[in-house]
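**Q** The structure's right below; bear with me while I get my questions together.
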Amino acid sequence: MNNDIVIRTQWTGDPTEQETLIKNEWLVTNGLGSYATGTIAGVPTRRFHSFLTVAHPDPLGRYVMLNQLSELVRLPDGSIQKIGGIEWASKDMELYGMSSLREFRLDCGMPVWRYELAGHVIEKWILMPYMSNTVHIGYRLLSGAGPVRLKIRVAVHFRPHNAALDQGLPADCYDLQASSIGRLEIHGVSIPPLRLYMDGGGSAFTIEPKRFTDILYRIEQQRGYGAQGDLWSPGYFRVDLIQGKDVTFIASAENWDSILALSPQEVFKAEMERRQRLLAIAAPQLQQGLAQQLVLAADQFIVAPTKRVVETTRIRASGGDVRTVIAGYHWFTDWGRDTMISLEGLTLLAGRHVEAGHILRTFAYHLRDGLIPNMFPEGESEGVYYTADATLWFFHALDRYIEITGDKDIFKELLHKLLDIIDHHIQGTRFGIYCDPSDSLLVQGDPRYALTWMDARLDDWVVTPRRGKAVEINALWYNALRVMEKWMKEDDQLSGASEITKLADAARLSFNQRFWNAQTGYLYDIVDGENGKDDPACRPNQLFSLSLPHPVLDRQHWQPVLQQVRDRLLTPVGLRTLSSDHPDYKPDYHGDLRTRDAAYHQGTVWPWLLGPYVDAWLRVHPEQRKDARDYIDQLLERQLHEACIGSISEIFDAEGSFTPRGCIAQAWSVAEIIRAWVNLAEALNSD
């Protein structure tokens, strides 16, 4: 194990620690969109908790394949103790194995548990081989007389990972096939089989079918979803643990040749070396302290979307490759907006320049009517396009890519598509997106959708429609025009650049005339909104007017805007989405879907907004860089040790203890904190 990059939490076995063990979670991924995840305690609380969820080719999407395990150990004195379990109905802490858990740690990003049982110490770890739909669960007897008998019962219910828990098991469950050399296969319908193998001397499998019914998943219950479901177990493996000889339980949706091509020891070594390489190529500012964990967290979101077979085949045929970004675990797929915002932090600053280029080309491939996709629905090959800002973020991401890598050839490669985007926005494209010829500002709005990043929608209810001229959309529009102007000048396309310059100048003039609200001392969130009204709500969206590389806001207004955001929106974990004095403000994010959506962008805190906040802070207060760095340090010290250990959550409550909510690991949360960290480190080093 690598002791240089460790997040460590220790326990005493006191029953009062139970809630923390159930509340905090772990996540392992494989670069394909597949994952394994659960609580530290081993108690599943979400429908997504599993030891193997596989990203299958469309139209299947991600399927839960290996739901849960029950782990028992029999010590030499004949006593039996549990270190993980699936009899969840019990409230007995001993049943879950929590009383014997003494430590959980992330070791170079890998989750490791240490159990102490009557003089015996056992470690367990989990990893997924890169680019393989396989999970390895390793066990080691560190101390104590052996052998110690380990019994692992397998429990499954093949279903889409976001399917309702009460989606019934097949009447006759599944078909189990076993070979004389210890290879097992569990076959369902219309999906590849789950293949199981125990690598360890003297292992055996006992067929003992068992059905577990009405299992309660409490977070699903809290979120207003169906919270009970069934699992089926075909039986259990048994193997002896002896000091100096690790054993590994393997579950996979790959073929047997792939599964057994490398020994577990070789897989472990290869994965640890891969992670060390990731750290070695990252920006120097990310190669020490907690920032190293951010690099490993970033790796979890960068995926090859092999599930979209046609797209992958066509792009690879032309000599390219396909990469994208999973917006968040567990339920998000790849989103255009999230991907473009995350590109710099996840790939460019992490030294993964080639993959950054693949991501940009992947989304350019899907350009339609001047728009890149808003997102790709689970199990579908075609994207949906209802977004007004993702394409504008594409310009920003491309600008950062060219600036950092020096790859100017990509501009020539994509020039016709970039010009097509600008033209479609000037002439008008889908969803009421067009440039108003009277002031050169960008208008967006469609009654069916929320087109900005504040996109909560439930059935026909668009919570924050923001139709009209939105402040961050026009900041992004201006920034896109300026980077296009720069690229065209560098390419000696002076005539075209001149037209872009005129449009950008007009947009800047109009922006400052229309968005500055002298009464409040900050910017309108929307002008020319529905019924011709301007919206004076204090939201963080105004930050983009001074945080982007080409700020549209006049310098004289930078300080008052930043001060208002700091005073009214800043919290220890990010920025509120609405000031607390607004009648629609919601202090926490909880309850059923409708209640949560009502709060999603109406006060709820988003940590990704700290990226633009730090950009704005460095512009306005360059002499106070240490204050901002101390803030980020404190946030990391807290966030990397709670919720999803080693990553950063999607959102937080707006008040109180700022409880983590939403996805346990969010791409742009991690990416923008990486970017803020590097920017602040560079600023401090320049003093």
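The values are calculated or read from the model by the stated rules, or taken from the named source; none is laboratory data. Everything numeric in this text was worked out from a predicted model, so none of it was measured. When we count neighbours, we look across all protein chains shown, and the Cβ atoms used for this are built from the backbone with ideal geometry, even at glycine.
**Q** Find the residue count for the stretch 639-665, including only residues that are closer than 22 Å to Phe104 by Cα and not charged (D, E, K, R).
**A** 15
**Q** Count, please, the residues in the stretch 424-444 that happen to be in contact (Cβ under 8 Å) with a residue 24 or more places away in the chain and touching a Gly at 6+ places or on another chain (Cβ under 7 Å).
**A** Going residue by residue through the stretch 424-444, those that are in contact (Cβ under 8 Å) with a residue 24 or more places away in the chain are 424-426, 429-433, 435-436, 439-444.
Now restrict to residues that are touching a Gly at 6+ places or on another chain (Cβ under 7 Å): 424-425, 429, 432, 443-444.
Total satisfying the criteria: 6.
**Q** What single numbered condition from (1) on the phi < 0 side of the Ramachandran plot; (2) under 22 Å from the mean Cα position of the chain (by Cα) fails to hold for Ile315?
**A** The number of the failed condition is (2).
**Q** Collect the residues in the stretch 249-261 that are polar (S, T, N, Q) and surrounded by fewer than 22 Cβ atoms within 10 Å (Cβ to Cβ), keeping them in residue-number order.
**A** So in the stretch 249-261, the residues polar (S, T, N, Q) come out as 252, 255, 258.
Of everything in the stretch 249-261, those that are polar (S, T, N, Q) and surrounded by fewer than 22 Cβ atoms within 10 Å (Cβ to Cβ) turn out to be Asn255, Ser258.
**Q** Which ones in the stretch 544-563 are part of a loop (DSSP other than H, G, I, E, B) and not hydrophobic (A, V, I, L, M, F, W, C)?
**A** Within the stretch 544-563, Pro549, His550, Pro551, Asp554 qualify.
**Q** Right, another one. Given the criterion touching a residue at least 60 places away in the same chain (Cβ under 8 Å), charged (D, E, K, R) and in contact with a helix residue (DSSP H, G or I) (Cβ under 9 Å, 6 or more places away or on another chain), identify the matching residue among Asp615, Asp584.
**A** Only one candidate qualifies: Asp615.
**Q** Then there's this: In the stretch 360-393, which residue that is more than 19 Å from the chain's Cα centre (by Cα) and of a type in the set (Phe, Trp, Tyr) is surrounded by the most Cβ atoms within 10 Å (Cβ to Cβ)?
**A** Step by step, filter the stretch 360-393, then rank; the result is Tyr385.
**Q** Among the strands (runs of 3 or more DSSP E) lying completely within the stretch 117-210, list those that include at least 1 residues that are touching a residue at least 40 places away in the same chain (Cβ under 8 Å), closer than 16 Å to Leu72 by Cα and touching a helix residue (DSSP H, G or I) at 6+ places or on another chain (Cβ under 7 Å).
**A** So the answer is 134-143.
Residues checked against (1) more than 22 Å from His425 (Cα to Cα); (2) in contact with a Leu (Cβ under 7 Å, 6 or more places away or on another chain); (3) crowded, with 20+ Cβ neighbours inside 10 Å; (4) outside the structural domain of Pro583 (by TED's automatic domain parsing):
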residue: Ala480; (1), (2), (3), (4): no, yes, yes, yes
residue: Thr501; (1), (2), (3), (4): no, no, no, yes
residue: Asp505; (1), (2), (3), (4): no, no, no, yes
residue: Arg508; (1), (2), (3), (4): no, no, yes, yes
residue: Arg539; (1), (2), (3), (4): yes, yes, yes, yes
residue: Trp558; (1), (2), (3), (4): yes, yes, no, no
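**Q** Find the residue count for the stretch 224-256, including only residues that are assigned to a strand (DSSP E or B) and more than 16 Å from Trp125 (Cα to Cα).
**A** Total meeting the criteria: 15.
**Q** Quick one: in the stretch 189-234, which of the residues that are within 24 Å of Thr134 (Cα to Cα) and of a type in the set (Val, Ile, Thr) is surrounded by the most Cβ atoms within 10 Å (Cβ to Cβ)?
**A** Ile191
**Q** Could you tell me which of the residues Arg594, Arg514, Arg566 is part of a helix (DSSP H, G or I), outside the structural domain of Phe652 (by TED's automatic domain parsing) and more than 22 Å from the chain's Cα centre (by Cα)?
**A** Arg514
Table: residues versus (1) charged (D, E, K, R); (2) surrounded by 22 or more Cβ atoms within 10 Å (Cβ to Cβ); (3) under 21 Å from Arg140 (Cα atoms); (4) at pLDDT 90 or above.
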| site | (1), (2), (3), (4) |
| --- | --- |
| Asn2 | no, no, yes, no |
| Ile7 | no, no, yes, yes |
| Gly13 | no, no, yes, no |
| Glu25 | yes, yes, no, yes |
| Leu32 | no, no, no, yes |
| Ala36 | no, yes, yes, yes |
| Ile40 | no, no, yes, yes |
| Thr45 | no, no, no, yes |
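**Q** Follow-up. In this structure, does Ala280 turn out to be under 21 Å from the mean Cα position of the chain (by Cα) and among the aliphatic types (A, V, I, L, M)?
**A** Criteria not met by Ala280.
**Q** Another question about this same structure. Considering the stretch 613-630 alone, what residues qualify as being modelled with pLDDT of 95 or more and closer than 29 Å to Cys108 by Cα?
**A** Val614
**Q** If you don't mind, there's one more thing I want to ask. Looking only at the stretch 635-673, count every residue that is part of a helix (DSSP H, G or I) and more than 21 Å from the chain's Cα centre (by Cα) and tell me the total.
**A** 0
**Q** Looking at Ala537 and the list (1) among the hydrophobic types (A, V, I, L, M, F, W, C); (2) assigned to a helix (DSSP H, G or I); (3) touching a residue at least 40 places away in the same chain (Cβ under 8 Å), which single condition is not satisfied?
**A** (2)
**Q** Residue pairs, Cβ under 8 Å, 6 or more apart or interchain, first in the stretch 314-335 and farther than 19 Å from Leu346 by Cβ, second aromatic (Phe, Trp, Tyr) and assigned to a helix (DSSP H, G or I). List them.
**A** Cβ pairs passing all conditions: Arg314/Tyr365; Ile315/Tyr365.
**Q** Another question, if that's okay. Pairs needed: first member in the stretch 553-575, at pLDDT 95 or above; second member anywhere, of a type in the set (Gly, Ala, Ser) and part of a helix (DSSP H, G or I); C-beta distance under 6 Å; at least 6 residues apart or different chains.
**A** Leu553/Ser545; Leu562/Ala616
**Q** Going by the structure shown, is His601 of a type outside the set (Phe, Trp, Tyr), surrounded by fewer than 17 Cβ atoms within 10 Å (Cβ to Cβ) and part of a loop (DSSP other than H, G, I, E, B)? It would help to see each step written out before you state the result.
**A** Details: of a type outside the set (Phe, Trp, Tyr): yes; surrounded by fewer than 17 Cβ atoms within 10 Å (Cβ to Cβ): no; part of a loop (DSSP other than H, G, I, E, B): yes.
In short, no.
**Q** Can you confirm whether the stretch 674-682 contains a residue that is crowded, with 24+ Cβ neighbours inside 10 Å and in contact with a Lys or Arg (Cβ under 7 Å, 6 or more places away or on another chain)?
**A** No, the conditions are met nowhere in the stretch 674-682.
**Q** Among the residues that make up the stretch 130-149, is at least one of them outside the structural domain of Asp588 (by TED's automatic domain parsing), closer than 21 Å to Leu27 by Cβ, touching a His at 6+ places or on another chain (Cβ under 9 Å) and not small (Gly, Ala, Ser)?
**A** Applying the first criterion (outside the structural domain of Asp588 (by TED's automatic domain parsing)) to the stretch 130-149 yields 130-149.
Right, trim to closer than 21 Å to Leu27 by Cβ and you get 130-139.
With the extra rule that they be touching a His at 6+ places or on another chain (Cβ under 9 Å), the set shrinks to 133.
Adding the requirement that they be not small (Gly, Ala, Ser) leaves 133.
Yes, the stretch 130-149 contains at least one residue that is outside the structural domain of Asp588 (by TED's automatic domain parsing), closer than 21 Å to Leu27 by Cβ, touching a His at 6+ places or on another chain (Cβ under 9 Å) and not small (Gly, Ala, Ser).
**Q** Does the stretch 310-319 include one or more residues that are of a type outside the set (Val, Ile, Thr), within 26 Å of Val678 (Cβ to Cβ) and surrounded by 20 or more Cβ atoms within 10 Å (Cβ to Cβ)?
**A** No; the residues of the stretch 310-319 include none that is of a type outside the set (Val, Ile, Thr), within 26 Å of Val678 (Cβ to Cβ) and surrounded by 20 or more Cβ atoms within 10 Å (Cβ to Cβ).
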